[in-house]
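Structure first, then comments.
The values are calculated or read from the model by the stated rules, or taken from the named source; none is laboratory data. All figures in this text were calculated on a predicted structure; none of them were measured in a lab. For neighbour counting, all protein chains shown are included, and Cβ atoms are generated from backbone atoms with ideal geometry for every residue, glycine included.
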Amino acid sequence: MLPQTETTIATAGTIALVCPKCSKTLQVARDETDPVAAARIEVMCPDCSGGDFSMPEYFDAAGQQILDF
């Protein structure tokens, strides 16, 4: 796992998955359904979700949540 940083830098073709509870971070390949401006996705990791599903929240490189996509 990559360390959590205040600013996540997106690299071409990848996006950061961040658990909002424990801050575990993983850089993964972008999916075609990811908003173009998204640099980070916050979603609970398997360790923190307790088996429940969490809704992903998308953020741009400036840290602003993307609501319309």
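Of note:
- Scan of region 1-19 for residues that are modelled with pLDDT of 95 or more and closer than 16 Å to Asp47 by Cα, ordered by number: Leu17, Val18, Cys19
- Qualifying residues in region 44-69 (those that are within 13 Å of Lys24 (Cβ to Cβ) and free of Cβ contacts under 8 Å to residues at least 24 places away in the same chain) - the one surrounded by the fewest Cβ atoms within 10 Å (Cβ to Cβ): Pro46
- Considering residues of region 32-43 that are assigned to a loop (DSSP other than H, G, I, E, B) and either surrounded by 12 or more Cβ atoms within 10 Å (Cβ to Cβ) or at pLDDT 95 or above (or both) only, the residue nearest to the chain's Cα centre (by Cα): Val43
- Qualifying positions in region 9-56 - in contact with a Cys (Cβ under 7 Å, 6 or more places away or on another chain) and either under 16 Å from Phe69 (Cα atoms) or among the small types (Gly, Ala, Ser) (or both): none
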